[in-house]
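The values are calculated or read from the model by the stated rules, or taken from the named source; none is laboratory data. As the structure is a prediction and not an experimental result, all values here were calculated from the model. So basically every Cβ, Gly included, is an ideal-geometry build from the backbone, and we count neighbours across all protein chains shown. Just the protein is used for accessible areas: all its heavy atoms, side chains included, with ligands, DNA and RNA removed. Shrake-Rupley method; radii C 1.70, N 1.55, O 1.52, S 1.80 Å.
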Amino acid sequence: MKTKPPVSPQELRQSAEMQFQVGKKLVQEPTTPEETKQLLHELGVHQIQLEMQNEELRQTQADLDASQARYFDLYDLAPIGYLTFGEPGLILEANLAAANMIGVVRDKLIKQPINRFLYKEDQDLFYLHRQQAFKSSEPQVSEMLFKRPDGSSFWAQVQATPAPGGEFWVTLSDISERKQAEDALRLSREQYKVTIDNSFDIIFTLTADSTFQFVSRAWERHFGYPIKEVLGKNFADFVHPDDMTSLTNYLGKVISSGKNKTSPPYRVKRSDGTWRSFIANGSRYANTDNEWQFIGVAHDMTDQLEAEQNLLHAKAAAETANIAKSQFLSTMSHEIRTPMNSVLGVIQLLQQDELTQEQRELTEIAMLSGKKLVDLLNDILDLAKIEAGKIELEIADF
């Protein structure tokens, strides 16, 4: 349903004046009863029109009042703070959100300078934005730290907009939680950076074509040349050629499977030309362009591998010495057994002669001692066979 646009008071006055002049002219001229009746009819019609126009004006005013009431409701209940400043820089108007943010009753904000609620380092910034806004006729946006009368504070995003008549409009958005999250994030990044920089192991990332994208400070400590000489280069420039095939296969499996894996040992050249052995543990991740990349931690295994190699050499030497010992014992037992058999044989021949009681006792002692010595030689020989893995078991009843 369309409504006619409201008629202004000046237009109504002009219309009434015209009607009055017409009516005055008609009254002054002689009229017949029919003309008088017609005149009264027209005046009645005009009166009705005037009443209808007055009703439209009242309705329009009511709509305007309702709209203005809704505006003030929205203004007061908005989650964003609104402030209006006059020419001297004092607060003229403030909504409830602004008063609640600043922690002051709204009436107490009126005619107060904003610097009462700003920390000193942001006071100059506020007035600078005010000047720039009036100069450029464009809104100015910044972040400022406000202080409340109770001693607490809050961060706000401030948008300053020039207004007609020298007024200055400001909107406040509380960003304290966001600033706190940014500070937690900044602290986490600093801690993360310190952890990476002080890590003994090398943390690195490779693009899909095996180009170094990031390398931690440990690289410089291990290899003796700056990181800037590494970034953007392929890892093949630093790895021993004999280890490239196994390392390339390892990286390909991690990228294709998405599973965390440990690499085989590989060698990397130092600035002095020597090689150090490493193993890497890594997995894939997607960058901002949704491309797979490799992130890994490389651990220096040189000392451990050398220790393991030395241990193998020591074990081999011990085994060799043990074999030599067994062979010596076996040889010595055979070499001693032969003369011992001769000694025992001579003793047996002596016992067949006519001996005095004392001589016979001596030959028996010599025979007993010789047999014990032979048993000892047999035990040594058996031990040598056991160590050599040549022991033979005899199956017999007992």
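Size of the range 222-359 along its principal axes in angstrom, Cα-based, largest extent first?
The principal-axis extents, from largest down, are 112, 36, 24 Å.
Does the range 94-137 classify as rounded, prolate or oblate by the C-alpha gyration tensor (a ≥ b ≥ c root eigenvalues; a/c under 1.5 gives rounded; else a/b over b/c gives prolate, otherwise oblate)?
Cα axes put the range 94-137 in the prolate bin.
Helix-derived [θ] at 222 nm for the chain: sum -39500 (n - 2.57) over DSSP H runs of at least 4, divide by residue count, nearest 500?
-19000 deg cm²/dmol
For the pair ALA208 and PHE134, how long in nm is the line joining their label points, each one 7 Å along Cα→Cβ?
Result for the modelled spin labels: 5.8 nm.
With loop defined by DSSP as not H, G, I, E or B, and exposure as at most 15 other Cβ atoms within 10 Å, which is the longest segment of the chain clear of exposed GluC sites (Glu not before Pro)?
1-166
Test of understanding: extend the Cα→C-beta vector of GLN180 to 7 Å, then name every residue of the range 139-162 with backbone N under 14 Å from that spot.
152-156
Which FRET efficiency, nearest 0.05, do GLN157 and HIS240 yield, Cβ-Cβ r, R0 56 Å?
Once rounded, the FRET efficiency stands at 0.50.
Give the ranking of TYR127, TYR266 by solvent-accessible surface, highest area first, calculated with a 1.4 Å probe.
TYR127, TYR266
Show the residues, 5+ positions off or on another chain, whose built amide H is closer than 5 Å to the amide H of GLU93.
THR84
For a Förster distance of 22 Å, can you work out the FRET efficiency between the beta-carbons of LEU311 and SER256, rounded to the nearest 0.05?
0.05
For the chain, with every protein chain kept in place, what is the accessible area per residue (1.4 Å probe, Å²)?
That works out to 69 Å² for each residue.
Once you treat every alpha carbon in the range 209-280 as an equal point and sum by Debye, what is log10 I(q)/I(0) at q = 0.25 Å⁻¹?
-1.32
Over every pair of different alpha-carbon atoms in the chain, take the mean of 1/r and invert it; report that Kirkwood radius in Å.
Computed over the chain, the radius equals 34.7 Å.
Quick one: if you stick a label point 7 Å off each Cα along the C-beta vector at GLU335 and MET367, how many nm between them?
Calculated label separation equals 3.0 nm.
Which part of the range 359-386 falls in the paramagnetic zone of LEU350, meaning amide N under 20 Å from the point 7 Å along Cα-to-beta-carbon?
359-375
Can you compute the FRET efficiency between SER342 and THR320 using 1/(1 + (r/R0)^6), with r the Cβ-Cβ distance and R0 = 30 Å? Round to the nearest 0.05.
According to the calculation, E is roughly 0.30.
Who wins for biggest fluctuation among MET367, MET301, MET244 in a Gaussian network model of the chain, springs between alpha carbons below 10 Å?
MET367
Lysine pairs, Cα distance under 25 Å, 8 or more residues apart or cross-chain: how many in the range 103-192?
Within the range 103-192, the lysine pair count is 9.
What number comes out for the charge environment of ILE102, summing +1 per Lys or Arg and -1 per Asp or Glu over other residues with Cβ under 11 Å away?
Counting the neighbours of ILE102, the net charge comes to +3.
Gain in length, ARG217 to TYR119, computed as 0.36 nm per residue apart minus the alpha-carbon separation, to one decimal in nm?
Residue separation times 0.36 nm, minus the Cα-Cα distance, leaves 31.3 nm.
Looking only at Cα atoms, what is the convex hull volume of the range 120-176 per residue, in Å³?
Dividing the Cα hull volume of the range 120-176 by its residues yields 81 Å³.
Where in the chain are the helices, taken as whole DSSP H runs, whose Cα atoms extend 18 angstrom or more along the long axis and whose Kyte-Doolittle mean reaches at least -0.5?
244-257, 302-351, 357-388
With a 1.4 Å probe and all protein chains left in place, how much of the accessible area of the chain comes from carbon and sulfur atoms, in whole percent?
Carbon and sulfur atoms account for 56 percent of the accessible area of the chain.
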